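Reading through the structure tokens given below for one structure.
The values are calculated or read from the model by the stated rules, or taken from the named source; none is laboratory data. Since the model is a prediction, treat every value here as computed from it, not as a measurement. Glycine also receives a Cβ, built like all others from the backbone with ideal geometry; neighbour counts cover every protein chain displayed. The protein model used for the area step is the full one, side chains on, heavy atoms only, and it has no ligands, DNA or RNA in it. Shrake-Rupley method; radii C 1.70, N 1.55, O 1.52, S 1.80 Å.
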Amino acid sequence: MRRLEFLNARFNAGLAMVEKPEGLGGLSLSADAQKRVESRFDRAGAPDNDPLSININIGQAIPALMFAGTDEQKRDLIRPLWTGELVCCQLFSEPDAGSDLASVRTRAIKVQDGWRVSGHKIWTSLAHKADLAILLARTSTEGRAHDGLTYFLIDMRQPGVQIEPLRQITGQAEFNEVFLSDAFVPEGYAIGEVNGGWAVAMATLESERAFYGVRQLPRESGMIGELCREWRTQRHLHAADGFDDRVCRAWIDAEVFRIANIRLSERMAAGENASEASGSKIRFAQLNQEIAWLRLELAGAEVGRTADYAFSRPERTEFLSAEPIFSYLRSRANSIEGGTTEIMKNVIADRVLNLPRR
Ligand SMILES: Cc1cc2nc3c(=O)[nH]c(=O)nc-3n(C[C@H](O)[C@H](O)[C@H](O)COP(=O)(O)OP(=O)(O)OC[C@H]3O[C@@H](n4cnc5c(N)ncnc54)[C@H](O)[C@@H]3O)c2cc1C
């Protein structure tokens, strides 16, 4: 069976996202059952939907549609977003609107049959391979800044959308600047109410944070898996005092993080406060940065001189690499992307601990 045919059949069988309703890739089961589905498909050698190349589809666009989309939007879009037939990027951040997202200035002006959008977006991951984007744009300048925003889906492959690469410290241009000049959004492509985009954006960001932090990887996989493999084969080269202890500490921290995330995802699936995912987002960034540093120490300083920093435009979001220097440099962004560590701490203070504002 061809890959796409298989993915569509899996969607039809309700085994794409089992917690979703029938017809939308699910069977209205507990989200927990998804793990069993994934492991059975994995063991059988089934192709997947390449989640790292469509992380915005899965972590943001589909949750936004589930939160505020019309039945028609859900029916038309969730399937191709899950199979990867459509690739979505996120047009939220602007040069003067990052943490303070309510300051978005990109304007959407109502015209016949739709909207004309003009503005400047920045840090747009994988825009160069996107078919469409989730877009936050200003539709009103009256009242509170939060109340004048609308959440749209916009076609990225139209003349009014110009995409320029932004090169990162790794050498890659994973993200881009996007200039919108009278780009067109047809009627029916607002998700949620006009001027009601803030709530949809907040729901999207909550899913994004959960997606970063609460992903469930098998024991000793991901970044810690790379470190352990390298440590087992190369530790004799770098026997610095206390290094073995620090690797063991990292292993324990990664395992505690993994188990805590299993508990958190079960609580989220049961409808409990998802704001705690902000804690996982912080820990995800800290752990990646600590482990990436250990990989670099183990590899020795010379890897920085021999590494390949060549310009490229990647096809997927990749934190790991065979090159420890790449993982180290890429991990610096983990505490910025998807909400900075400082903002996550504010969210925890406000929505988890209910601390009083000063
Ligand atoms: C690898 C990567 C990929 C990204 N991909 C995308 C994407 O696809 N789409 C998209 O829209 N955006 C994307 N972003 C942008 C990201 O969401 C923003 O960088 C992030 O929200 C921070 O905004 P900013 O860069 O404007 O920093 P600012 O908001 O200007 O923050 C600067 C510093 O001030 C601190 N700060 C700001 N406000 C407060 C506060 N109230 N309290 C305490 N400290 C504060 C911040 O923590 C930070 O340290 C990406 C970023 C990275 C690094």
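Quick notes
- Listed values for the range 46-55 are Karplus-derived 3J(HN,Hα) couplings in whole Hz (6.51 cos²θ - 1.76 cosθ + 1.60, θ = phi - 60°), namely 6, x, 9, 8, 6, x, 6, 8, 10, 5, and x replaces Gly and Pro.
- Spatial extent of the range 81-237: Rg and Dmax, with the Cα atoms as the point set, Å: 18.9, 70
- Accessible surface comparison of Lys35, Lys20, Lys121, Lys345, probe 1.4 Å, protein chains only, largest first: the order is Lys345, Lys35, Lys20, Lys121.
- Mean residue ellipticity at 222 nm, helices only, the chain: -12500 deg cm²/dmol; runs of at least 4 DSSP H residues each add -39,500 (n - 2.57), and the sum is divided by the number of residues.
- Looking at the chain, the DSSP beta bridges with both ends there are about 80 percent antiparallel.
- Per residue value of the accessible surface for the range 243-348 (all protein chains in place, 1.4 Å probe), Å²: 49 Å²
- Tyr328, Tyr189, Tyr151, reordered so the largest accessible area comes first (probe 1.4 Å): Tyr189, Tyr328, Tyr151
- Normalised convex hull volume, the chain, alpha-carbon set, Å³ per residue: 157 Å³
- Added length on full extension, which subtracts the Cα-Cα distance from 0.36 nm per residue, Asn273 to Phe179: 30.2 nm
- 5 angstrom amide H check on Ser125, placed H, neighbours 5+ away: Gln90, Asn176
- Put the Cα centre of the range 295-349 next to the Cα centre of the range 1-45 and the gap is 31 Å.
- Under Karplus coefficients 6.51, -1.76 and 1.60, residue-wise ³J(HN,Hα) of the range 117-132 in Hz, glycine/proline x: 10, 9, x, 10, 10, 9, 6, 7, 5, 6, 4, 5, 10, 8, 8, 8
- Per-pair calculated FRET efficiency, R0 = 22 Å: Asp42 and Asp253 via Cβ, rounded to 0.05: 0.25
- With every protein chain in place, the range 1-126: carbon and sulfur % of accessible area (1.4 Å): 50 percent
- Alpha-carbon centroids, the range 115-178 and the range 52-90: separation in whole Å: 16 Å
- Nearest-10 value in Å² for the accessible area of Phe92, using the 1.4 Å probe: 10 Å²
- Once the Cβ-Cβ distance of Glu22 and Arg351 is raised to the sixth power relative to R0 = 30 Å, the FRET efficiency obtained is 0.35.
- Once the C-beta distance of Ala240 and Ile336 is scaled by a Förster radius of 25 Å, the resulting FRET efficiency is 0.25 to the nearest 0.05.
- Fraction of beta bridges assigned by DSSP in the range 32-133 that are antiparallel (%, nearest 5): 75 percent
- Counting only lysines at least 8 places from Lys110 when in the same chain, those with an alpha carbon closer than 27 Å to its own are Lys74, Lys121.
- All Cα-Cα separations within the range 187-307 were binned at 10 Å from zero, giving a P(r) of 12, 33, 24, 17, 10, 4, 0, each value a whole percent of the pairs.
- Rounded to whole numbers, the Karplus 3J(HN,Hα) couplings from phi for the range 145-159 are 4, 4, 8, x, 10, 10, 9, 10, 10, 10, 6, 7, 9, 9, x Hz, using 6.51 cos²θ - 1.76 cosθ + 1.60 with θ = phi - 60°, and x at Gly and Pro.
- Once the chain from Asp71 to Ala199 is taken as fully extended at 0.36 nm per residue, the excess over their C-alpha distance is 44.2 nm.
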